[in-house]
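Reviewing the structure listed below.
The values are calculated or read from the model by the stated rules, or taken from the named source; none is laboratory data. Since we're looking at a predicted model, the values are computed, not measured. All Cβ positions, even for glycine, are placed from backbone atoms using ideal geometry, and neighbour counts span all protein chains on display.
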């Protein structure tokens, strides 16, 4: 099978980590990719300016769901400042696959939601 | 050539080559398409994305190559040999396309970049000259974005109202209330001959007659019909028809608007510039006659000539034979694909559709279906196919689509089905 669907990607797709809701999220951000129908709602629990917990819901392709799952595992314990510096490469490194120009927006949707959430908090402060 | 416009026309290359409606020799046809011999990821290409764009036969590639190597020059301008030859070939291609669609004369065929530009031409030129606040345009829920957005722009600008013929659950148009939707203020009825998503072949003549009875002009989006079946604009009795060259074995960048001469004559130009004028002064100009009035600037010369070669190829194969072969293949595909666990085909039964099958597969996202199939060298489309409203109608974000053309085979359908079983295996949650 092709690299795009490496074992680890499929594992995160079939068994997404942190899928669901938080009891009392500090931040919630919803984003979508209307062209392909991917949708994500990201919930963050913030304590001491760090991500204490995270959950996501939504639907989408294997790439966007795996990216959300892997990103969620990775951001716990990270400070908001650190996350503000995250970029495309941060996600592609996590995925560990080559993502072509068409699918890149699937891979980056969770990051888009994360960045909007953490920058949004910055503005409120 | 049909009809008579009472005008001389250079049609030296338009000898009819209509063949009898015999079965297609698909293996001979396949040999004419160099790209079908290529491999993707080490496997032979299975190209099933023809509704998006078709492949090109050697005859079209040779025509483009020959044009650039031997003829290349601007048209309608130079008096030198190359320019005269380019002009003759360019206008002969127009005559050939005109005959292909049963137009009365080549001057009714306006070259555009594609069907999208052709619809925009009608919206900008005819629409702005003729539509007033409170006028209505009737479309359908199954239109491609190209036949929605130009009218939305016009609606916002002119205060016209848009109405839509609904789509039934089975993917056919609900025509029971057509007489009510065609109000006395409805000035134009625009619809597709065949849905690019659900494949439904619409009753064009019946819908056209209803439109005319209500006093509306009729615009037919023939992108999915002209490449695949015999089409005769005079028989259909529509007023405008649009189609794209790249979906019918021709190059990209060339398409056409066909319109009734008297309507086109009364329309103001679409774009201004060279070639579309008769006289230019600093503060005013007079327009050229049809069809050049609507063709500002240096046109897509090689592409138009290439489209002429594509039409010649289609005529040799025979449009009736192509249509029949695609219907047979589609019926076979629908039967085989329904064996795949969780696969749901969108749209009507095989006898009501042209050569395409859109589907959803359980919870698997269409992008994943298409990407996984691509890993097996099978090219299909995934997404909303530029018809978001129709997907909304079905409550889905996207679908996957396999679409066929004259070079596709049952073996390729078998490979698709095998691939789909594999997709289920990989992605089943």
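Assorted remarks:
- With respect to the conditions (1) on the phi < 0 side of the Ramachandran plot; (2) assigned by TED's automatic domain parsing to the domain that holds residue B:257; (3) surrounded by fewer than 22 Cβ atoms within 10 Å (Cβ to Cβ), residue B:348 falls short on a single one, namely (2).
- Number of the exception - residue B:408 against (1) within 14 Å of another protein chain (Cβ to nearest Cβ); (2) assigned to a loop (DSSP other than H, G, I, E, B); (3) surrounded by 23 or more Cβ atoms within 10 Å (Cβ to Cβ): (1)
For (1) at pLDDT 90 or above; (2) within 12 Å of another protein chain (Cβ to nearest Cβ); (3) not in a loop (DSSP other than H, G, I, E, B), each residue gets a yes or a no:
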residue: B:357; (1), (2), (3): yes, no, yes
residue: B:360; (1), (2), (3): yes, yes, yes
residue: B:369; (1), (2), (3): yes, yes, yes
residue: B:372; (1), (2), (3): yes, yes, yes
residue: B:376; (1), (2), (3): yes, yes, no
residue: B:385; (1), (2), (3): no, yes, no
residue: B:391; (1), (2), (3): yes, yes, yes
residue: B:397; (1), (2), (3): no, yes, no
residue: B:402; (1), (2), (3): yes, no, yes
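- Qualifying strands (runs of 3 or more DSSP E) (wholly inside the range A:1-73; at least 2 residues being within 10 Å of another protein chain (Cβ to nearest Cβ)): A:27-33, A:38-47
- The selection criterion, being under 30 Å from residue B:384 (Cβ atoms) and buried (at least 21 other Cβ atoms within 10 Å of the Cβ), holds for residue B:54.
- Residue tally, condition under 15 Å from the mean Cα position of the chain (by Cα) and closer than 30 Å to residue B:391 by Cα, over the range A:19-64: 25
- Exclusive hit being free of Cβ contacts under 8 Å to residues at least 60 places away in the same chain, assigned to a loop (DSSP other than H, G, I, E, B) and out of contact with any helix residue (DSSP H, G or I) (no Cβ under 6 Å at 6 or more places or on another chain), set B:187, B:133: B:133
- Residue B:290 vs. criteria within 16 Å of residue B:97 (Cα to Cα), modelled with pLDDT under 95 and touching a helix residue (DSSP H, G or I) at 6+ places or on another chain (Cβ under 6 Å): yes
- Qualifying position, being touching a residue at least 12 places away in the same chain (Cβ under 8 Å), touching a strand residue (DSSP E or B) at 6+ places or on another chain (Cβ under 7 Å), surrounded by fewer than 21 Cβ atoms within 10 Å (Cβ to Cβ) and closer than 29 Å to residue B:51 by Cα, among B:269, B:291, B:299: B:299
- Test for residue B:88: is it in the same structural domain as residue B:227 (by TED's automatic domain parsing) and touching a residue at least 40 places away in the same chain (Cβ under 8 Å): yes
- Matching residues, the range A:20-59, being under 24 Å from residue B:369 (Cβ atoms) and surrounded by 15 or more Cβ atoms within 10 Å (Cβ to Cβ): A:31, A:32, A:33, A:36, A:37, A:38, A:39, A:40, A:56, A:57, A:58
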